[in-house]
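For reference, the structure discussed in these notes is given below.
Each value in this text was obtained by applying a stated rule to the coordinates, not by laboratory testing. Not measured: the values here are computed from a predicted model. All Cβ positions, glycine included, derive from the backbone under ideal geometry; neighbour counts span all protein chains shown.
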């Protein structure tokens, strides 16, 4: 800056001053936005309520009801799969046998 004329030096310092003012303004705007968010979250928190439950004395978990006697687990036994139960299902097309006389049986496929 030492080689600039005096009027340009003043403009340069004014520009830096404006830039510094702009930075400060942005910083203050961020602080205001953060404050507004905190206030909004506080108001939302005031609208919520805690879940109140009547606790019986000596009950550790009030929401869990334990059975009188525990169920006994049945031991897993692997069984073979019986595929013969699927034999009657077919492929979705019905086959109808039509008798049209002696030894002239015809098969007709009918869509479901």
Gain in span if fully extended, residue 84 to residue 47, counting 0.36 nm per residue against the direct Cα distance: 7.0 nm
Hey, rough spin-label estimate for residue 65 and residue 28, points 7 angstrom out along Cα→Cβ, what's it come to in nanometres? 6.3 nm
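Highest mean first, what order results for 73-86, 16-29, 37-50 on Cβ atoms within 10 Å?
Peptide ranking by packing, descending: 16-29, 37-50, 73-86.
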